[in-house]
């Protein structure tokens, strides 16, 4: 599964920069407040796609590669939607966009593919040069 995400990340990331001399986007690190979740995130394709790697320690998995989209999520607002799955469960993260300290996040999971439940929610902090402003909400 990880190799597929790596290939997808390379495929999605390269076309945006192959035809121009523009530098690749910088990554932004965030930590979920009161949680071990932490991510390093890059937005691509004019803020329509996002790539990430989970960097949190403790009980959280480190090194998990994520690919997702940026768009409007009903009852949440504009967000990055990251999803991953394994043989035990499928998980989706919604992370409010743009990335600013105080933005909200939610995590949902399913273990049977029929019923989804919220497994966590809260706010996050941008690491290093954090901005203290409320993120824009979807129109």
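Out of all the residues in the range 36-48, which are crowded, with 20+ Cβ neighbours inside 10 Å, at pLDDT 90 or above and touching a helix residue (DSSP H, G or I) at 6+ places or on another chain (Cβ under 9 Å)?
Once the filter is applied, which keeps residues that are crowded, with 20+ Cβ neighbours inside 10 Å, at pLDDT 90 or above and touching a helix residue (DSSP H, G or I) at 6+ places or on another chain (Cβ under 9 Å), the range 36-48 yields nothing.
Does residue 60 qualify as being surrounded by 14 or more Cβ atoms within 10 Å (Cβ to Cβ) and out of contact with any strand residue (DSSP E or B) (no Cβ under 7 Å at 6 or more places or on another chain)?
no
List pairs: first in the range 38-58 and free of Cβ contacts under 8 Å to residues at least 60 places away in the same chain and on the phi > 0 side of the Ramachandran plot, second buried (at least 16 other Cβ atoms within 10 Å of the Cβ) and in a strand (DSSP E or B), Cβ under 7 Å, 6+ apart or cross-chain?
What qualifies is 47/70.
Name, by its number, the condition in (1) more than 12 Å from the chain's Cα centre (by Cα); (2) surrounded by fewer than 19 Cβ atoms within 10 Å (Cβ to Cβ); (3) within 16 Å of residue 40 (Cβ to Cβ) that does not hold for residue 65.
Residue 65 satisfies all of (1) more than 12 Å from the chain's Cα centre (by Cα); (2) surrounded by fewer than 19 Cβ atoms within 10 Å (Cβ to Cβ); (3) within 16 Å of residue 40 (Cβ to Cβ) except (1).
The values are calculated or read from the model by the stated rules, or taken from the named source; none is laboratory data. Being a predicted model, the structure only gives us computed values, none of them experimental. With ideal geometry, Cβ positions are generated from the backbone for all residues, glycine too; neighbour counts draw on all protein chains shown.
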